[in-house]
Every structure is written in C-alpha cells, then in structure tokens.
Amino acid sequence: MKRTIIRIDEDLCNGCGACVEGCHEGALQMIDGKARIISELYCDGLGACISECPVGAISLEEREAEPYNELITLQRMIIPKGEKTILAHLKHLKNQGEFGYLQEAVRYLKMNDVKVNFAEVHAMPSAAHGQKSSGCPGSQERTFVPAPAVKSFNAPGRIPVGLVEKKTQLRQWPVQLHLVNPQASFFKGTDLVFAADCVPFSFPDFHERFLAGKALAIACPKLDSNKDIYLEKLRSMIVDSGIKSIHVVIMEVPCCGGMLQLAKRAVLESGRTIPVRLSVVGIQGDVIREEWV
C-alpha cells in the first residue's frame with residue numbers, strides 16, 4: 001500500500017546515530033556506519049527522527065510500504081526495552097495526535113498486564129498544548145464523540161423565528177482522502193461515507209441524513225490529483241480496516257461519477273464483497289436518486 005514513510009539520504013548521513021536514539025519504535029538501526037530502516041512495519045511515518053538528524057538526511061515521502069502495525073511494534077520492539085521506552089513511545093503517539101494507536105497500545109498493555117505507570121501517560125501534554133510536533137497539526141488524527149446539540153436561531157434575515165437543534169455527527173479528523181490514514185482506528189469495522197466535497201454545501205441535512213454513526217472520507221474526482229492513491233486507500237480500508245459498507249454520496253454533475261467508479265473498483269480489487277450504496281444530490285439540495293449498486 002502507499003503511505004507516508006521516512007527516506008534516508010545516505011550521502012548526507014554522517015553516521016551519528018541520533019535518529020536511532022530518537023526512534024523508540026525501533027525502525028532504525030546503524031548498519032555499516034549509516035542509519036537504515038530495518039522494517040517498514042515499525043515506521044509510523046510521523047517523522048520524529050527528522051528533528052533528531054543534525055544534517056537533514058531524513059525526509060518524508062509517500063511510497064509503497066508495508067502498513068505500520070502498532071501491536072507488532074509493541075511486542076517486538078517496545079515492551080522488551082522496558083517501561084521507560086514504553087512511556088516514550090506512548091508520549092510520541094500522544095504528541096503526534098495518534099490517539100487511535102495510543103488507545104490500541106494502552107488496551108494491549110493492560111490486557112497483558114505489562115507494568116506501566118499509566119498516570120504518567122495521562123499527565124503527558126499533547127502537541128495541542130505546546131509540545132513540538134513534526135507533522136501538520138491540521139492532518140493529525142483525532143477520534144471524538146459528536147458534540148451535544150446546540151441551539152441556534154433559524155431566522156431569515158435578522159428576525160428570529162424559532163430555535164433549531166443542531167449537532168455535528170462527525171466522529172473523526174481528518175476527512176480529506178489524501179490526508180486520512182486508511183488504517184486509522186476510526187475506520188476499523190465501521191461503515192464509510194465517501195462523499196464529494198460539494199455535497200455538504202448543497203444538502204443542508206448532510207450530518208443527520210448520511211453521516212450519523214459512520215466514518216467519513218471526502219474527495220473531488222475532477223480537481224484532486226493522483227487518483228491511484230485514492231484507489232489504494234479505499235482498498236486498504238476494505239482489506240486492512242475491514243469497513244462494512246461504502247455509501248457514495250455525490251452531486252448530480254457528470255464529473256462526480258468518478259467517485260462511484262473508484263469505490264466499485266476498490267471493492268473489486270479488495271477481493272471482499274461489501275455493499276455499496278449510491279445517493280445523488282441535486283444542485284438545489286434535494287436527493288434525486290438512491291440505489292444499491
């Protein structure tokens with residue numbers, strides 16, 4: 001699958017080993033005087049090692065790579081090194097906003113009675129509270145419970161005519177398909193809404209009608225680049241995350257048809273059989289067609 005992973009420029013690498021010390025996941029080792037990635041399974045692609053390199057030899061790139069596996073990393077590389085390394089790993093996940101992986105790690109540690117002072121984990125500040133983060137804050141993964149209803153005036157012009165209950169049904173961040181990790185915790189075993197960018201602006205009840213209780217990925221088949229990445233991410237959601245269904249929600253305009261083709265091709269290439277539903281929204285905000293495809 002394609003995902004973000006580190007790249008080491010061996011011509012620039014001076015063999016200092018600072019990046020190896022900074023990679024608690026154990027993805028890096030010094031071999032023949034150069035830092036090398038020993039297993040893509042252990043590289044989370046968040047780039048904590050980048051800030052440790054004094055010569056700028058490490059960067060991030062998107063390429064074909066094995067999917068990162070949190071449990072394998074814990075079992076083989078983290079737990080054997082003791083509590084300090086476990087805590088450093090958990091802090092790394094929290095600072096990067098990887099709360100899905102963090103929850104997965106904590107559950108595993110507790111289920112297997114691994115001795116860790118979890119009070120220190122809860123006390124760790126996250127990147128949102130001033131800690132250094134190597135990734136874009138806008139693309140850091142977050143899973144949350146939809147906010148309670150908020151009362152707002154439903155008023156034409158400036159005259160209040162009543163109160164309407166409004167609440168979000170969004171349970172995750174990010175939502176743009178280029179930014180999401182297809183193996184994020186919020187995709188595991190859930191139903192996916194695959195929506196065109198314009199739909200929520202055209203359909204006023206998008207959250208209540210389509211999004212409640214589901215994960216979301218949005219895209220624009222006309223303006224977005226590199227559709228092959230979209231196809232691979234959808235396929236990974238089906239195969240690796242085990243999503244149960246895909247609800248494609250598009251506009252009536254012809255260019256939106258590419259969304260449905262991407263979803264159907266991803267299902268075909270996955271080798272699994274999951275239901276795909278299509279909803280077509282008119283440019284005036286009505287649902288003009290719905291069907292299983």
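The values are calculated or read from the model by the stated rules, or taken from the named source; none is laboratory data. Small disclaimer: the values here were computed from a predicted structure and weren't measured. Note that each Cβ is placed from the backbone with ideal geometry, even for glycine, and that neighbours are counted across all protein chains shown.
Identify all residues within the stretch 262-289 that are closer than 21 Å to residue 190 by Cα and not aliphatic (A, V, I, L, M); write none if there are none. So that I can check it myself, show each step before the final result.
Residues of the stretch 262-289 closer than 21 Å to residue 190 by Cα: 262-279.
Of everything in the stretch 262-289, those that are closer than 21 Å to residue 190 by Cα and not aliphatic (A, V, I, L, M) turn out to be 264, 265, 269, 270, 271, 272, 273, 275, 277, 279.
Which of the residues that make up the stretch 39-58 are surrounded by 16 or more Cβ atoms within 10 Å (Cβ to Cβ), out of contact with any Pro (no Cβ under 9 Å at 6 or more places or on another chain) and free of Cβ contacts under 8 Å to residues at least 60 places away in the same chain? Before you say what the answer is, go through the steps one by one.
Narrowing the stretch 39-58 to residues surrounded by 16 or more Cβ atoms within 10 Å (Cβ to Cβ): 39-50, 52-53, 57-58.
Remaining after also requiring out of contact with any Pro (no Cβ under 9 Å at 6 or more places or on another chain): 39, 42-50, 52-53, 57-58.
Hits for the stretch 39-58 are 39, 42, 43, 44, 45, 49, 52, 53, 57, 58.
Matching residues to (1) touching an Asp or Glu at 6+ places or on another chain (Cβ under 9 Å); (2) over 25 Å from residue 241 (Cβ atoms); (3) buried (at least 17 other Cβ atoms within 10 Å of the Cβ):
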residue: 263; (1), (2), (3): no, no, yes
residue: 270; (1), (2), (3): no, no, yes
residue: 282; (1), (2), (3): yes, yes, no
residue: 292; (1), (2), (3): no, no, no
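Quick one: is residue 243 more than 11 Å from residue 195 (Cα to Cα), touching a Ser or Thr at 6+ places or on another chain (Cβ under 7 Å), buried (at least 20 other Cβ atoms within 10 Å of the Cβ) and at pLDDT 95 or above? Outline the logic, then answer.
Details: more than 11 Å from residue 195 (Cα to Cα): yes; touching a Ser or Thr at 6+ places or on another chain (Cβ under 7 Å): yes; buried (at least 20 other Cβ atoms within 10 Å of the Cβ): yes; at pLDDT 95 or above: yes.
The answer is yes for residue 243.
Name every residue in the stretch 82-99 that is surrounded by fewer than 19 Cβ atoms within 10 Å (Cβ to Cβ), part of a helix (DSSP H, G or I) and either in contact with a Lys or Arg (Cβ under 8 Å, 6 or more places away or on another chain) or without any contact (Cβ under 8 Å) to a residue 24 or more places away in the chain (or both), in order of residue number.
83, 84 - these are the residues of the stretch 82-99 that are surrounded by fewer than 19 Cβ atoms within 10 Å (Cβ to Cβ), part of a helix (DSSP H, G or I) and either in contact with a Lys or Arg (Cβ under 8 Å, 6 or more places away or on another chain) or without any contact (Cβ under 8 Å) to a residue 24 or more places away in the chain (or both).
Scan the stretch 268-287 and give yes if some residue there is out of contact with any strand residue (DSSP E or B) (no Cβ under 9 Å at 6 or more places or on another chain), in contact (Cβ under 8 Å) with a residue 24 or more places away in the chain, over 20 Å from residue 206 (Cα atoms) and assigned to a helix (DSSP H, G or I), otherwise no.
Checked against the condition, which is being out of contact with any strand residue (DSSP E or B) (no Cβ under 9 Å at 6 or more places or on another chain), in contact (Cβ under 8 Å) with a residue 24 or more places away in the chain, over 20 Å from residue 206 (Cα atoms) and assigned to a helix (DSSP H, G or I), the stretch 268-287 yields at least one hit.
May I ask you to say which residue of 216, 179, 231, 170 is modelled with pLDDT of 95 or more and within 19 Å of the chain's Cα centre (by Cα)?
Numbers: 179 fails: modelled with pLDDT of 95 or more; 231 fails: modelled with pLDDT of 95 or more; 170 fails: modelled with pLDDT of 95 or more.
So the residue among 216, 179, 231, 170 that is modelled with pLDDT of 95 or more and within 19 Å of the chain's Cα centre (by Cα) is 216.
When you scan the stretch 215-234, do you find a residue that is among the basic types (Lys, Arg) and surrounded by 19 or more Cβ atoms within 10 Å (Cβ to Cβ), even just one? Spell out the reasoning first.
If we filter the stretch 215-234 for residues that are among the basic types (Lys, Arg), which is where we start, we get 222, 227, 233.
Adding the requirement that they be surrounded by 19 or more Cβ atoms within 10 Å (Cβ to Cβ) leaves 233.
Taking every residue of the stretch 215-234 in turn, at least one turns out to be among the basic types (Lys, Arg) and surrounded by 19 or more Cβ atoms within 10 Å (Cβ to Cβ).
Just give me the residues in the stretch 54-72 being closer than 8 Å to residue 2 by Cα and in contact with a helix residue (DSSP H, G or I) (Cβ under 8 Å, 6 or more places away or on another chain), in sequence order.
62
So, in the stretch 1-56, of the ones that are among the basic types (Lys, Arg) and at pLDDT below 80, which residue ends up farthest from residue 74 (Cα to Cα)?
Initially, the stretch 1-56 is screened for residues among the basic types (Lys, Arg), giving 2-3, 7, 34, 36.
With the extra rule that they be at pLDDT below 80, the set shrinks to 2-3.
Working: 2: 23, 3: 20 Å.
That would be 2.
So if I check each of 78, 8, which one is under 28 Å from residue 227 (Cα atoms), in the same structural domain as residue 92 (by TED's automatic domain parsing) and more than 21 Å from the chain's Cα centre (by Cα)?
Working: 78 fails: under 28 Å from residue 227 (Cα atoms).
Exactly one residue qualifies, and that residue is 8.
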